[in-house]
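Notes for the one structure printed next.
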Amino acid sequence: MNDLSSGMAVLNPLLADWDTPYGLPPFSSVEAAHFVPAFEVAMAAHRAELDAIAQRGAPPSFDNTLAALDQSGRLLERVSLLFHNLTASETSPALQAAQLELAPRIAAHENALYMHAGLFQRIDTLHQQRDHLNVTPEQLRLLDRVHLDFVRAGAKLGTAERQRYGGVMQELASLCTQFTQNVLADEASFALELHGEADLGGLPTFLRNSAQSAAQQRGLGEQRHVITLSPSLVEPFLTFSSRRDLRETVWRARKARGSQAGAHDNRPIAERIVALRQEQAALHGYASYADYELVDRMAGQPAAVLDLLHRAWEPAKRKAEHDRADLTTMARSLGEPTPIAAWDWRYLAEKVRQTRFNLDDAEIKPYFTLDNMIGAMFDCAGKLFGLRFVEHKGQALHHADARLWEVHGRDGQLMGLFIGDNFARSTKRSGAWMSVFRSQSGHAGGTLPIVINNNNFAKASPTLLSFEDVKTLFHEFGHGLHGLLSKVTYERLAGTQVLRDFVELPSQLFENWALVPEVLARHARHFETGEPIPAPLLERLMQARRFDQAWATIMYSGPALIDMALHSLPNGTAVDIETFEAAQCVALGIPADIGQRHYLAHFQHLFAGSSYAAGYYVYMWAEVLEADGFEAFTETGDAFDATVAAKLLEHIYSAGNKQDPAAAFRAFRGRDPRVEPMLAKRGLMAS
């Protein structure tokens, strides 16, 4: 560290050595103002490292080029991970200002990395020699992946094209950041206050408690009730509220995020993002952005995506017609208006479910406390992979609600750290996600991963989860295990850094253990009495698993099809987001009384970054792998079969990106996946 950097480190904790327990970020001493100067120092240090690799006099070798590149940028990596986690989980106006300032500068730095001619020349030379190099399979995989990273980022473009490409990527970074902040602003600004028993009609106790907690968090007092746009409040409100007018208000507010004129209007931002992505694809020589993105996905091309989605789309629409008839009958029996609307579907479906299966979420939720379900997922990880979780209290984290666990392996050795941040708040983006503060790798003798799961459950005492919430908790923990169990040498191949339509396999697969009867019998206990969930109730819960799956499939598949249509537009095609979306809804036949899980103006999967652009389909692609993969356990009659679990660990959870994902699945399952288990799981197989 030079004198200037040493002096800055005294004042800037991001640049000093992190002498905290486990090497955690120094959360309590970090301020938003520290990030811009820290990024400046860290990016300069990284550029110097890249120059040193490129200027080495010795011919390129794996160690002096690929391994050195993988080990470079350690300071930048730790600052970046902390920054991106804070801006997602616990942001502030100052952090958002830094985010807007840094987005194009970070993109420019990434562009400088991938456009570094001297560095790419060494990588390209090794890639041309790859058939004759004395390297391990993992090293060869790293070479192929890094070479593709550079090529896809424009390393082979001409000088003028490279300049323009850098400008495109910087503008995209700024726009995606603004898109995310606009959605958060719209979500934070909405609060439906419920006045008196009339407004609380139909709401079970758990939801009233959550709405009361939300009001307290907004400083409205202890006896007030508020519904925010957090899914953990919106979804149960739409399910239980007997006030149709209020259901409509909430449904329309959630749909309208990002689509209202003013400072937070995402429509022109999304349109510009689409135009820039088309230009990006054209610079690479692809006909559309979807063609460009799918080159590095298991699907390979848009036709394969559309084939899968339509395998579920058409049966789901047919099944929805029958479900609609049942809901309409229920509406009439309740004196509700017909035809039904999108803000009626959940409410009426719950009434039908209660009648058909004698199930009521208000009866189910008391058995699913957050703490018990955390214990359940830890128990499953222990039985499958020999993990043990030990909570470490008193350690300062990014928010008081976050909790920290040490993760130990079968031999008792510390394998990593797990952070759970499970509650919704106005400073946190919506949804659920997994991230890392530090990735696993073999660097410096091995680095321990620090993994974080974020959820947005409504905080209450105790916090009671719906069964969908439980599946979300297990889903994100599946991602978490993918990061914690990673066992690779090179960080570029670690954990979740796999192809996008493979990354959801470990998460969706782990959801299955939330449905295992022995797990529920042990951990689903009434929060007041401690009694286990009654066997008859558990049986009814299992019987109802396929109920309303047509609605769920349409809610997901509609946006996935629109995503693919939008990003398959030929380069140079101008698009009006609202007009395009409306036309697609008509063309696809999206039922108006069902609607979509995401609308384009707030569709963060597509516009908060590029990870899921032309890629929202990946959840269903991974569901094909997951449904077929879990059958490997079902076939043994034991959801924790040790032999199958060992293969799952070796080829899926710990393997990172060491091999082609299709080969990884075959190594685990013994064959390629079949689509039928997924369709059967959704109740969409032809009778």
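The values are calculated or read from the model by the stated rules, or taken from the named source; none is laboratory data. Predicted model only: the values in this text are computed from it and were never measured. Neighbour counts run over all protein chains shown; Cβ positions are idealised from the backbone, glycine included. Heads up: the accessible areas ignore ligands, DNA and RNA and are worked out on the full protein's heavy atoms, side chains in. Shrake-Rupley method; radii C 1.70, N 1.55, O 1.52, S 1.80 Å.
Structure data summary
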| read-out | value |
| --- | --- |
| In segment 280-290, residue nearest to the chain's Cα centre (by Cα) [restricted to those that are surrounded by 17 or more Cβ atoms within 10 Å (Cβ to Cβ) and of a type outside the set (A, V, I, L, M, F, W, C)] | TYR289 |
| Residues being within 17 Å of the chain's Cα centre (by Cα) and part of a loop (DSSP other than H, G, I, E, B) - total across segment 388-432 | 6 |
| Some residue of segment 433-445 being in a strand (DSSP E or B), of a type in the set (A, V, I, L, M), open to solvent by less than 20 Å² (accessible area, probe 1.4 Å) and closer than 16 Å to MET377 by Cβ | no |
| Cβ-Cβ under 7 Å pairs, at least 6 apart or on other chains, segment 454-469 side open to solvent by 20 Å² or more (accessible area, probe 1.4 Å), far side among the hydroxyl-bearing types (Ser, Thr, Tyr) | LYS459/SER213; ALA460/SER210; ALA460/SER213; PRO462/THR369; LEU464/THR369; ASP469/SER232 |
| Which listed residue, of ALA112, ALA185, ALA173, is open to solvent by 40 Å² or more (accessible area, probe 1.4 Å), small (Gly, Ala, Ser) and either farther than 23 Å from ASN85 by Cβ or in contact (Cβ under 8 Å) with a residue 40 or more places away in the chain (or both) | ALA112 |
| Those residues of segment 253-266 which are touching a residue at least 12 places away in the same chain (Cβ under 8 Å) and open to solvent by less than 60 Å² (accessible area, probe 1.4 Å), in sequence order | ALA253, ARG254, ALA256, ARG257, GLY258, SER259, ASP265, ASN266 |
| Search result, residues across segment 600-617 that are open to solvent by 30 Å² or more (accessible area, probe 1.4 Å) and in a loop (DSSP other than H, G, I, E, B) | ALA608, SER610, SER611, TYR612 |
| Those residues of segment 413-430 which are in contact with a strand residue (DSSP E or B) (Cβ under 8 Å, 6 or more places away or on another chain), open to solvent by 30 Å² or more (accessible area, probe 1.4 Å) and among the small types (Gly, Ala, Ser), in sequence order | none |
| Test: residue in segment 569-588 that is among the aromatic types (Phe, Trp, Tyr), under 20 Å from ALA256 (Cβ atoms) and assigned to a loop (DSSP other than H, G, I, E, B) | no |
| Restricting segment 5-41 to residues that are part of a helix (DSSP H, G or I) and in contact with a His (Cβ under 9 Å, 6 or more places away or on another chain), the residue that is modelled with the lowest pLDDT | LEU11 |
| Filtered residues of segment 17-61 (kept if open to solvent by less than 50 Å² (accessible area, probe 1.4 Å), within 25 Å of LEU417 (Cα to Cα) and among the polar types (S, T, N, Q)) | THR20 |
| Top-ranked residue in segment 202-215 [being crowded, with 22+ Cβ neighbours inside 10 Å and within 19 Å of ASN456 (Cα to Cα); ranked as modelled with the lowest pLDDT] | PHE206 |
| Residue within segment 95-103 that is within 21 Å of LEU184 (Cβ to Cβ), among the polar types (S, T, N, Q), in a helix (DSSP H, G or I) and out of contact with any helix residue (DSSP H, G or I) (no Cβ under 7 Å at 6 or more places or on another chain) present | no |
| Test: residue in segment 585-596 that is open to solvent by less than 20 Å² (accessible area, probe 1.4 Å) and closer than 27 Å to LEU481 by Cα | no |
| Filtered residue count, segment 485-529, keeping only those that are in a loop (DSSP other than H, G, I, E, B), among the polar types (S, T, N, Q) and touching a residue at least 40 places away in the same chain (Cβ under 8 Å) | 4 |
| Tally of residues being assigned to a loop (DSSP other than H, G, I, E, B) and either of a type in the set (Lys, Arg) or touching a Phe, Trp or Tyr at 6+ places or on another chain (Cβ under 9 Å) (or both) across segment 661-687 | 6 |
| Hits in segment 530-544 (condition: in a helix (DSSP H, G or I) and free of Cβ contacts under 8 Å to residues at least 60 places away in the same chain) | ALA535, PRO536, LEU538, GLU539, MET542 |
| Residue among VAL234, VAL250 that is assigned to a helix (DSSP H, G or I), farther than 27 Å from THR177 by Cβ and open to solvent by less than 20 Å² (accessible area, probe 1.4 Å) | VAL250 |
| Some residue of segment 652-660 being in a helix (DSSP H, G or I), at pLDDT 95 or above and among the polar types (S, T, N, Q) | no |
| Failed item in (1) in contact (Cβ under 8 Å) with a residue 60 or more places away in the chain; (2) within 26 Å of the chain's Cα centre (by Cα); (3) farther than 23 Å from ALA680 by Cα, with CYS585 passing the rest | (1) |
| Enumeration of residues in segment 175-197 that are closer than 21 Å to SER213 by Cβ and in a helix (DSSP H, G or I) | LEU184, GLU187, ALA188, SER189, GLY196, GLU197 |
| Among (1) open to solvent by less than 30 Å² (accessible area, probe 1.4 Å); (2) in a helix (DSSP H, G or I); (3) among the small types (Gly, Ala, Ser), the one test that ALA160 misses | (1) |
| Only listed residue being within 24 Å of the chain's Cα centre (by Cα), of a type outside the set (Phe, Trp, Tyr), open to solvent by less than 20 Å² (accessible area, probe 1.4 Å) and under 21 Å from PHE467 (Cβ atoms), chosen from MET564, MET620 | MET620 |
| Top-ranked residue in segment 345-372 [being touching a Lys or Arg at 6+ places or on another chain (Cβ under 7 Å) and over 20 Å from SER210 (Cα atoms); ranked as most open to solvent (accessible area, probe 1.4 Å)] | ASN358 |
| Search result, residues across segment 216-230 that are surrounded by fewer than 21 Cβ atoms within 10 Å (Cβ to Cβ) and not polar (S, T, N, Q) | ARG218, GLY219, LEU220, GLY221, GLU222, ARG224, VAL226 |
